[in-house]
Amino acid sequence: MARFELKLPKMGESIAEATITNWLKEVGDKIEADEAVLEIATDKVDSEVPSEVSGILVEQLFGKDDLVQVGQTIAIIETEGGETATPEAVNAVQETAAPAEAVEIEKTIESVKETVTSHDFSGSDKFFSPLVKNIAKEEGLSLSELENIAGSGKDGRVTKEDILKYVEARKSGSVQAPQTVEAAPKVVAEIPKTEAPKAVEPVVQKSQQAVPVSVNGADEIVEMDRMRKLISGYMVASVQTSAHVQSFIEVDVTNIVKWRDKVKAAFEKREGEKLTFTPIMMEAVAKALKDFPGMNISVDGDYIIKKKNINLGMAAALPNGNLIVPVIKNADQLNLVGMAKAVNDLGNRAKAGKLKPDDTQGGTYTVTNVGTFGSVFGTPIINQPQVGILALGAIRKVPAVIETPEGDFIGIRQKMFLSHSYDHRVVDGALGGSFVKRVAEYLEAFDVDRDF
């Protein structure tokens, strides 16, 4: 018999951690090679972790809702002698793992099982991982101290780094053990110092209040699902981080409507794809970002990071009412056909729940189509750490003044509003207004005789 360590696999260049949402196999269950063992979730995308080998699941090292780093061992599978994982198989799973850290964690986990002390943290309403509990026991922390440590993990969870920082500060005398239990301090999201900073972590605080009760007995009380909690946290964090300001502009898209009506049937026949207005709008946004690279940036503390690539996020509504933002990479390098294929592919996979974790990473600017639901315009919230987001309003037939050499007259035109939200910390009105005006100019100058 041999023991195989199932590790959290690498899921994308910018993804370093994931949350366990469900164990599909329990201890003692038989597992076949390539069979899914558990379900995980990164930011908003759910996926499964398959086993590299066949065997029996003998240990689950993390529980549901635990946050796990890429490369960490999450389960132990006992295999037959002939099915022991090869070094090549192990390396394929732990491309980004830190071996020394993994060994340290394994030793700590084993010591948790063997050590029994007088410290008991079972009376807390907060979740603490076995690793954190063990460190707390070894350092002689009380339950009240542990509960009052500011956690930087998911939902304010205390991580290994959080408790080690607290222990170091406690030893130096900069903090003292509390005499009474106080409310847990507010968790403030910070942008990690990396080459490409991640989006601001959502401020998600665990409520200390009891579950609300319907007063009249007729109201239905439903807890938010995991994705809605994440969205809620990100929206609040974005508003708290960026100074939002908006610019609006009305655009005449009559030529675009006429052109699409003329070519959509031939486009679908030749390309096998439906032609919507979205790729046409995205094409104009990508061009405008090349003209105004000051909108294709992110903010990290007091530093501005100028993005080399133009990666357009496209907000997509899901069947369950939640929202996700898949990303079109290098959008400025796509022609209209390529843009249409990318938009349709990401949109279809988003609705089917088949997006990969990396499909939602790396966006530098976002576009949301509020017109899909009949809205004339909106004031969207910035997708951190980006500095701008454009809302596309509904296209409507409206009476408009048409200027001609012979004079002005009233005619029926197809028009829409563009609503541009941008971060006033780094984008002033001149840049924010000029950018959305350039998008409008590209749309109004659309060649009705162009090929697709």
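The values are calculated or read from the model by the stated rules, or taken from the named source; none is laboratory data. Everything numeric in this text was worked out from a predicted model, so none of it was measured. Cβ sites come from the backbone with ideal geometry, for glycine too, and all protein chains shown count toward neighbours.
Some points to look at:
- Filter result (in contact (Cβ under 8 Å) with a residue 40 or more places away in the chain and either of a type in the set (A, V, I, L, M, F, W, C) or part of a loop (DSSP other than H, G, I, E, B) (or both)) within the range 374-388: Val376, Phe377, Gly378, Thr379, Pro380, Ile381, Ile382, Asn383, Gln384, Pro385, Val387
- Among the residues of this structure, Phe417 does not count as one that is at pLDDT 95 or above, over 23 Å from the mean Cα position of the chain (by Cα) and not in a strand (DSSP E or B).
- Criterion applied to Val263, Val245, Val236, Val251 was being touching a residue at least 60 places away in the same chain (Cβ under 8 Å) and part of a helix (DSSP H, G or I), and the one residue passing it is Val263.
- Among residues of the range 266-295, those that are part of a helix (DSSP H, G or I) and touching an Asp or Glu at 6+ places or on another chain (Cβ under 8 Å), counted: 5
- Taking the criterion of being part of a loop (DSSP other than H, G, I, E, B) and modelled with pLDDT of 85 or more, the residues of the range 36-64 that qualify are Ser51, Glu52, Val53, Ser54, Leu61, Phe62, Gly63, Lys64.
- Of all residues in the range 14-35, those satisfying the criterion of being of a type in the set (Val, Ile, Thr) and surrounded by fewer than 17 Cβ atoms within 10 Å (Cβ to Cβ) are Thr21, Val27.
- The set of residues from the range 44-65 being in contact (Cβ under 8 Å) with a residue 40 or more places away in the chain, surrounded by fewer than 20 Cβ atoms within 10 Å (Cβ to Cβ) and among the charged types (D, E, K, R) comprises Asp46, Lys64, Asp65.
- Scanning the range 367-377 for residues that are surrounded by 17 or more Cβ atoms within 10 Å (Cβ to Cβ) and more than 14 Å from Ala316 (Cα to Cα) yields one hit, Phe377.
- Selection within the range 131-170 - within 32 Å of the chain's Cα centre (by Cα), part of a loop (DSSP other than H, G, I, E, B) and over 23 Å from Tyr234 (Cα atoms): Asn148
- Any hit, the range 279-293, residues being surrounded by fewer than 22 Cβ atoms within 10 Å (Cβ to Cβ), over 30 Å from Ala400 (Cα atoms), touching a strand residue (DSSP E or B) at 6+ places or on another chain (Cβ under 9 Å) and not hydrophobic (A, V, I, L, M, F, W, C): yes
- Residues within the range 326-358 that are touching a residue at least 40 places away in the same chain (Cβ under 8 Å) and within 22 Å of Lys10 (Cβ to Cβ), tallied: 5
- Of the residues making up the range 300-335, those that are touching a strand residue (DSSP E or B) at 6+ places or on another chain (Cβ under 7 Å), closer than 27 Å to Gly233 by Cβ and outside any loop (DSSP other than H, G, I, E, B) are Ile304, Ile305, Leu312, Gly313, Met314, Ala316, Ala317, Leu323, Ile324, Val327, Ile328.
- For the range 383-421, the candidate set comprises residues that are buried (at least 21 other Cβ atoms within 10 Å of the Cβ) and β-branched (Val, Ile, Thr); within that set, the residue that is farthest from Gly347 (Cα to Cα) is Val387.
- Matching residues in the range 423-445 - criterion: being touching a Leu at 6+ places or on another chain (Cβ under 8 Å) and within 12 Å of Gln246 (Cβ to Cβ): Val436
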